[in-house]
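One structure below.
The values are calculated or read from the model by the stated rules, or taken from the named source; none is laboratory data. Not measured: the values here are computed from a predicted model. Please note: Cβ atoms are built from the backbone with ideal geometry, for glycine as well, and neighbour counts cover all protein chains shown.
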């Protein structure tokens, strides 16, 4: 089987005992029930931290076990980190954002609920959505051959989200706001040299002025994506792609 056809699966590094790896319930189900792989089949497994191993399935059941045969590659770094603060979007829009941000190399996604988000959800709904986004992120990693898993935070409030990663050094924080009329991404040369980038994108209804001012007090700079009013999911993907290009990552 050529490497380009090799099935890839993620595993939790804490569920490794020497050369034996225990796959998650979801990955085990996919192996046993969907792909119907068997004991002795060769797969590639990723620890989500940059390492890829060739492994042989040793047990197929509710929890699949595999034995590591060799390390194929180890990617130590992922370049400049890009974190996206994303207002929770309605329906499949958020799924699209998670998938495409993963493909575009975003380091982590921090979902938050702001005042203009469409629809509200409680902790149970939030947990279910969070688990779904985790699954989508891992599947996107496999599809685009990404070695480092995207980090996805549990949903939180807008105010709480501003406190996250607030102690990180050398971070350039950019809030994309349709009412910003002066500064565009091309006007910010610091993007290429910043140690890390933080991008904040709003919901379908945009940010309130109070939310923008609160972000500014926390060190965020407002920036425009141009004169057109973009759909929320389009704005996120455009912002990420342009920033990655300006940062030298695309």
* To do: Would you mind stating whether residue 124 is under 23 Å from residue 242 (Cα atoms) and either in contact with a helix residue (DSSP H, G or I) (Cβ under 7 Å, 6 or more places away or on another chain) or in the same structural domain as residue 218 (by TED's automatic domain parsing) (or both)?
  => no
* To do: State whether the residues of the stretch 11-31 include one that is more than 26 Å from the chain's Cα centre (by Cα), closer than 26 Å to residue 136 by Cβ and either surrounded by fewer than 18 Cβ atoms within 10 Å (Cβ to Cβ) or not assigned by TED's automatic domain parsing to the domain that holds residue 139 (or both).
  => no
* Asked: So which residues in the stretch 185-222 are surrounded by 16 or more Cβ atoms within 10 Å (Cβ to Cβ) and either part of a helix (DSSP H, G or I) or outside the structural domain of residue 116 (by TED's automatic domain parsing) (or both), if there are any at all?
  -> 185, 191, 211, 212, 215
* Give me a count of the residues in the stretch 132-154 that are without any contact (Cβ under 8 Å) to a residue 60 or more places away in the chain, assigned to a helix (DSSP H, G or I) and surrounded by 13 or more Cβ atoms within 10 Å (Cβ to Cβ). => 7
* Meets criteria (surrounded by 15 or more Cβ atoms within 10 Å (Cβ to Cβ) and assigned by TED's automatic domain parsing to the domain that holds residue 220) for residue 89 -> yes
* Just to be sure, is residue 125 free of Cβ contacts under 8 Å to residues at least 60 places away in the same chain, over 28 Å from residue 35 (Cα atoms), part of a helix (DSSP H, G or I) and out of contact with any strand residue (DSSP E or B) (no Cβ under 7 Å at 6 or more places or on another chain)? -> yes
* Does residue 51 satisfy the criteria of being surrounded by 16 or more Cβ atoms within 10 Å (Cβ to Cβ) and within 30 Å of residue 163 (Cβ to Cβ)? -> no
* Asked: If you check 100, 38, 90, which single one turns out to be assigned to a loop (DSSP other than H, G, I, E, B) and under 30 Å from residue 233 (Cα atoms)?
  -> 90
* Asked: Of all residues in the stretch 223-240, which are assigned to a helix (DSSP H, G or I) and out of contact with any helix residue (DSSP H, G or I) (no Cβ under 9 Å at 6 or more places or on another chain)?
  -> 234, 235, 238
* To do: State yes or no: is residue 157 surrounded by fewer than 14 Cβ atoms within 10 Å (Cβ to Cβ), closer than 23 Å to residue 204 by Cβ and touching a strand residue (DSSP E or B) at 6+ places or on another chain (Cβ under 9 Å)?
  => yes
* Asked: Of all residues in the stretch 148-157, which are over 27 Å from residue 51 (Cβ atoms) and out of contact with any helix residue (DSSP H, G or I) (no Cβ under 6 Å at 6 or more places or on another chain)?
  -> 156, 157
* Asked: In the set 175, 250, 162, 246, which member is touching a helix residue (DSSP H, G or I) at 6+ places or on another chain (Cβ under 6 Å) and crowded, with 19+ Cβ neighbours inside 10 Å?
  -> 175
